[in-house]
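Take a look at the structure set out below.
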Amino acid sequence: MLARLQLNYAGFALDVDLALPGRKVSALFGPSGSGKTTCLRAIAGLERARGGYVEVNGEVWQDDARGLFVPTHQRALGYVFQEPSLFAHLTVAQNMAYGMKRVPPAQRRVSLAQAVELLGMGPLMQRSPATLSGGERQRVAIARALATSPRILLMDEPLAALDAKRKAEILPYLERLHGELDIPVLYVSHAPDEVARLADHMVLLDAGKMVASGATFDLMTRLDLPLAHGDSAGAVISATVARHEAGYHLTLAEFSGGQLSLPQQTIHVGHAIRVRIQARDVSLTLQRQSGTSVLNILPATIMALASDSPGQVMVRLDAGGSPLLARITLKSADALALAVGQTVFAQIKGVAILG
């Protein structure tokens, strides 16, 4: 997907040039007011970017140099907002059917049955929106958007209005969309945990400008970016479930840097899993420790060091090709005489790893 967008408002200007993968999930990430939603609305045609250009999978929706602007209702897109906005007088099944009316049968690439199965909608189909939980309503909204067989699915902070329990309920369904649908998703969020679980590619926005764009695993650990600093900084590792230790309620996952023990997961052996390791939960030693309760001890090479908050240092590590972050005190860094290129051991408590 390509998008060149410029918009000017009183006190705010958006000026971005995006080149995003044509598959999987890309995230627009940044603080409130950075331009994420404005960017999404411009791609949808809800805001008119002057001199703009928008192309999705080879189909040009806007090219002001040629005087081309396809109105929103003619763009093959699905749009999911923070609030589901379902039709209260229709059942879930009728809400779904309404979404499909936009698409002639010959152009449908996502069947109603597929959307229902992906979002676990079967038990909900005859219910009215008033009887659904917030997470269930949002699942209906996503399924309705998919039922339009979009060329791209735009999602504007779809979990922002949900509490932690409802977020945990819906995230597995979003992960299924990531793994099973061949439709690109552009996902707006200011929550790093959501981006870590869902996005393959990330665009970091600030004050209407693109600060960085690239693979999520890389951007989250780049010490020249604000995302890799502070209490929420962490790394994302792609691993494969090796086995479950049911008696200990643990799951063992293998990745390029070795093996990780983490709290028990429901994912089957052999399947891919993403794990997030927060920098504050990683400690460093010069020698491999024994007689410790820490289950995960990984050899790693120091790639970079940078000052974090006062008295603290952020260390970027390479563990067999996978990036990690460790947030330690300046005193510890000096005591260990840490330097770029040095081999150390990263210690991570199993209970601290987020599956």
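Quick notes on this one:
- Positions within the stretch 31-48 being in contact with a Ser or Thr (Cβ under 9 Å, 6 or more places away or on another chain) and small (Gly, Ala, Ser), in sequence order: ALA44, GLY45
- Scanning the stretch 196-214 for residues that are among the hydrophobic types (A, V, I, L, M, F, W, C) and farther than 13 Å from ARG274 by Cβ returns MET202, VAL203, LEU204, LEU205, ALA207, MET210, VAL211, ALA212.
- All positions within the stretch 108-156 that are at positive phi and either buried (at least 19 other Cβ atoms within 10 Å of the Cβ) or without any contact (Cβ under 8 Å) to a residue 24 or more places away in the chain (or both): SER149
- The single condition from (1) in contact with a helix residue (DSSP H, G or I) (Cβ under 7 Å, 6 or more places away or on another chain); (2) over 17 Å from GLY78 (Cβ atoms); (3) of a type in the set (Val, Ile, Thr) that THR91 fails is (1).
- Residues of the stretch 321-352 satisfying the condition of being basic (Lys, Arg) and not in a helix (DSSP H, G or I): ARG327, LYS349
- Flag: LEU325 does not match the condition of being within 19 Å of LEU252 (Cα to Cα), buried (at least 20 other Cβ atoms within 10 Å of the Cβ) and either touching a His at 6+ places or on another chain (Cβ under 9 Å) or not assigned by TED's automatic domain parsing to the domain that holds GLU194 (or both).
- Scan of the stretch 74-110 for residues that are of a type in the set (S, T, N, Q) and over 25 Å from the mean Cα position of the chain (by Cα), ordered by number: GLN74, THR91, GLN94, ASN95, GLN107
Here's the yes/no breakdown for (1) more than 22 Å from ASP218 (Cα to Cα); (2) touching a Leu at 6+ places or on another chain (Cβ under 9 Å); (3) touching a residue at least 60 places away in the same chain (Cβ under 8 Å); (4) of a type in the set (Ser, Thr, Tyr):
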| site | (1), (2), (3), (4) |
| --- | --- |
| GLN289 | yes, no, no, no |
| LEU295 | yes, yes, no, no |
| MET303 | no, yes, no, no |
| VAL313 | no, yes, no, no |
| ALA319 | no, yes, yes, no |
| LEU325 | no, yes, yes, no |
| ALA339 | no, yes, no, no |
| VAL344 | no, yes, yes, no |
| LEU354 | no, yes, yes, no |
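- Meets criteria (in contact with a His (Cβ under 9 Å, 6 or more places away or on another chain), among the charged types (D, E, K, R) and within 25 Å of PRO31 (Cα to Cα)) for GLU157: yes
- Only one entry of LEU186, LEU162 meets the criterion of being surrounded by fewer than 23 Cβ atoms within 10 Å (Cβ to Cβ) and in the same structural domain as SER85 (by TED's automatic domain parsing), and that entry is LEU162.
- Residues satisfying the stated conditions in the stretch 196-215, i.e. surrounded by fewer than 23 Cβ atoms within 10 Å (Cβ to Cβ) and of a type in the set (Val, Ile, Thr): VAL211
- Matching residues, the stretch 232-268, being on the phi < 0 side of the Ramachandran plot, in a loop (DSSP other than H, G, I, E, B) and loosely packed, with under 12 Cβ neighbours inside 10 Å: THR266, HIS268
- So LEU227, is it closer than 29 Å to PRO310 by Cα and in the same structural domain as TYR187 (by TED's automatic domain parsing): no
- Test result for ILE297, part of a loop (DSSP other than H, G, I, E, B) and in contact with a strand residue (DSSP E or B) (Cβ under 6 Å, 6 or more places away or on another chain): no
- Residue that is nearest to LEU317 (Cα to Cα), among those in the stretch 191-221 that are within 17 Å of the chain's Cα centre (by Cα) and assigned to a loop (DSSP other than H, G, I, E, B): THR221
The values are calculated or read from the model by the stated rules, or taken from the named source; none is laboratory data. Because the structure is predicted, anything quoted here is derived from the model rather than measured. Cβ atoms come from the backbone with ideal geometry, glycine included; neighbour counts cover every protein chain shown.
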